[in-house]
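**Student:** Can you read through this structure? Questions will come right after.
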């Protein structure tokens, strides 16, 4: 080699420790340009400085080893469009994961600040939700179902309603859906028109009765709805209002309106037995 650097020299250039360089070699991430068969000494070329620093950044960002190896193979395969595209997609997918993780971290920090602030309190009130005619899909959500059931129900409701404007969608859920991971759920769209011909057999007309509830409006992602539930549930418990074993959510602004979770607004209504509590003025 016309230009070869000992592992110590390469370490000084890259600010990567000798131990880290040995580990990269063992993990097949950065193979030295030459390994002396007699002594086992590792030698690197100046052209490996940039890849070494790239590997360090990716490892700092927790890119899985398998993805990093795939990226390095695509990069070393040359400048063909397919190789560049494959490498870019690996990076883009990991950046999306990092952005999602960062968002969750920021939301957790904000939630902790609220929980640790003794003066922080959500606005909670007793309300009467008016009777309402809706088109609805009801189902028993099994354990471990994820949220696909909600998306499917909303697709069926949207298909039944068509392009006509409607009030915000909502859902009525048994508390066991949150405490045990399964339970009865009813997803609905307010609608004054009758159920149209050809609608999915799972969609039905339903009239929600007038109902009393402890309510609060949650702003932000649905990940933090537990804070809203804590506020209304605590209020109900402190005032001896009981529970109907049902909670209702109304998605005033949600994913169907904007892809910016910070703008979402969700009304959380802790339904209480009829005749209990006096609505706020």
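The numbers here are math on the coordinates, done by the rules we state, and not lab data. Quick caveat, the model's predicted, so the values are computed rather than measured. Every residue, glycine among them, receives a Cβ derived from its backbone with ideal geometry; neighbour counts consider all protein chains shown.
**Student:** Under 8 Å for C-alpha pairs, at least 6 residues apart: give me the relative contact order for segment 1-77, rounded to a whole percent.
**Tutor:** On the way: 60 pairs, mean separation 23.5, N = 77.
About 31 percent, as a whole number.
**Student:** Taking only the alpha-carbon atoms of segment 5-92, what semi-axes of the equivalent ellipsoid follow from 5 times the gyration tensor eigenvalues under a square root, in whole Å, largest first?
**Tutor:** On the way: eigenvalues 118, 39, 26 Å².
Taking √(5λ) for each eigenvalue gives 24, 14, 11 Å, largest first.
**Student:** Still on this model: Report the semi-axes of the equivalent ellipsoid for the chain in whole Å, largest first, where each axis is √(5λ) for an eigenvalue λ of the Cα gyration tensor. Provide the component values of the computation, followed by the final result.
**Tutor:** Numbers: eigenvalues 646, 115, 42 Å².
Semi-axis lengths for the chain are 57, 24, 15 Å.
**Student:** Starting from 0.36 nm per residue, how many nanometres of slack lie between residue 100 and residue 88 once their C-alpha separation is accounted for?
**Tutor:** Numbers: separation 12, 0.36 × 12 = 4.32 nm, distance 1.83 nm.
Going from the current span to full extension adds 2.5 nm.
**Student:** Classify segment 83-164 as rounded, prolate or oblate, taking a ≥ b ≥ c as the square roots of the eigenvalues of its Cα gyration tensor: rounded when a/c is under 1.5, otherwise prolate if a/b is larger than b/c and oblate if not. Mind dumping the intermediate values first?
**Tutor:** Values: a/c = 2.59, a/b = 1.17, b/c = 2.20.
Oblate shape, in that a/c is at least 1.5 and b/c is the bigger or equal ratio.
**Student:** Tell me what the chain gives for mean residue ellipticity at 222 nm when only DSSP H runs of n ≥ 4 count, each as -39,500 (n - 2.57), the sum divided by the residue total, rounded to 500 deg cm²/dmol. Don't jump to the answer; show the numbers that get you there.
**Tutor:** Working: 8 runs with 109 residues, N = 281.
Counting only the DSSP helices, I get -12500 deg cm²/dmol.
**Student:** Can you sort 161, 128 from fewest to most other Cβ atoms within 10 Å of each residue's own Cβ? Write down the numbers at each step before the final one.
**Tutor:** Values: 161 20, 128 14.
The most exposed by this proxy come first: 128, 161.
**Student:** Which order results if 270, 264, 149 are arranged by neighbouring Cβ count within 10 Å, fewest first? Write out the running numbers ahead of the final one.
**Tutor:** Working: 270 28, 264 19, 149 16.
Taking fewest neighbouring Cβ atoms as first place, the list is 149, 264, 270.
**Student:** Another question, if that's okay. Could you work out the relative contact order of segment 125-271? I mean the mean sequence separation of Cα pairs under 8 Å and 6+ apart, divided by the number of residues, in percent. Present the calculation step by step, with values, prior to reporting the outcome.
**Tutor:** Working: 284 pairs, mean separation 44.3, N = 147.
Rounded, it is 30 percent for segment 125-271.
**Student:** With springs only between Cα atoms under 10 Å, which of 132, 88, 106 fluctuates most in a Gaussian network model of the chain?
**Tutor:** Result: 88 has the largest fluctuation of those listed.
**Student:** Between segment 29-88 and segment 206-244, what's the alpha-carbon centroid distance in Å?
**Tutor:** 53 Å
**Student:** Give the Debye-formula value of log10 I(q)/I(0) at each listed q (0.17, 0.24, 0.28 Å⁻¹), with one equal scatterer per alpha carbon of segment 198-263, two decimals each.
**Tutor:** Calculated log10 I(q)/I(0) at the listed q: -0.81, -1.08, -1.21.
**Student:** Of the candidates 41, 24, 150, which one comes out as most mobile in a Gaussian network treatment of the chain with C-alpha springs shorter than 10 Å?
**Tutor:** 41
**Student:** Between residue 230 and residue 175, 0.36 nm times their residue separation minus their Cα-Cα distance comes to what? All intermediate terms of the calculation are to be shown ahead of the outcome.
**Tutor:** Working: separation 55, 0.36 × 55 = 19.80 nm, distance 1.27 nm.
Stretched fully, the residue 230-residue 175 segment lengthens by 18.5 nm.
**Student:** Provide, for q = 0.11, 0.12 Å⁻¹, the log10 of I(q)/I(0) from a solvent-free Debye sum over equal Cα point scatterers in segment 49-204.
**Tutor:** -0.80, -0.86
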